[in-house]
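Reviewing the structure listed below.
Just so it is clear, none of the values below were taken in a lab; they were calculated from the coordinates. Keep in mind it's a predicted model, so treat the numbers as computed, not measured. No Cβ is skipped: glycine too gets one built from the backbone with ideal geometry, and neighbour counts run over all protein chains shown.
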Amino acid sequence: MEVTETQANKTLSFVSQFYNNETDFRTKSGIRSCMHNYGDSVTIINITGLPSFDRKNYRDAYDSIGYTREGAAECNDTGVAMFFDRNNEVIMFTTIVLDLLNNLITN
């Protein structure tokens, strides 16, 4: 869980570094959307995900990680191509974490 928060935070930092220098309105809007998604992801993991995991409430932990995966996919949907590889890494990683959490939920 903490690794997912770290990855989302690093991706937020990566995405944010492009915002101030971008001059194209459409690209800047996409970057802002990605920043918002990853920022929310970090907050949700810290406020809901990690405490839920610690309390063995794996369903809520699952939902918070699912939000991170959804945010990465939405970032891809903005069309900002420079983030595709990074977003896809987040999607793949969070899918693995979700599979592990799902095993904890069902067992």
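Could you state the angle between the C-alpha long axis of helix 2-16 and the longest principal axis of the C-alpha atoms of the chain, as a value from 0 to 90 degrees rounded to the nearest 10?
Its long axis makes an angle of about 10 degrees.
So how strong a dipole does segment 2-106 carry about its Cα centre when Lys and Arg Cβ are +1 and Asp and Glu Cβ are -1, to the nearest 20 debye?
Working: 9 positive and 14 negative charges, 21 e Å.
In debye, rounded to 20, segment 2-106 gives about 100.
Where is the GNM fluctuation largest for the chain (alpha-carbon springs, 10 angstrom cutoff): ASP60, ASP85, ASP24?
Between ASP60, ASP85, ASP24, it is ASP24 that shows the largest mean-square fluctuation.
So what's the angle, to the nearest 10 degrees on a 0 to 90 scale, between helix 25-44 and the longest Cα principal axis of the chain?
Between helix and principal axis, roughly 20 degrees.
Using only the Cα atoms of the chain, what semi-axes does the equivalent ellipsoid have when each is the square root of 5 times a gyration tensor eigenvalue? Give whole Å, largest first.
Each semi-axis is √(5λ); the values are 28, 13, 10 Å.
Return the single residue from ALA72, ALA81, ALA61 with maximal mean-square fluctuation; model: Gaussian network over the chain, springs between Cα atoms under 10 Å.
Most flexible of the set in this elastic network: ALA81.
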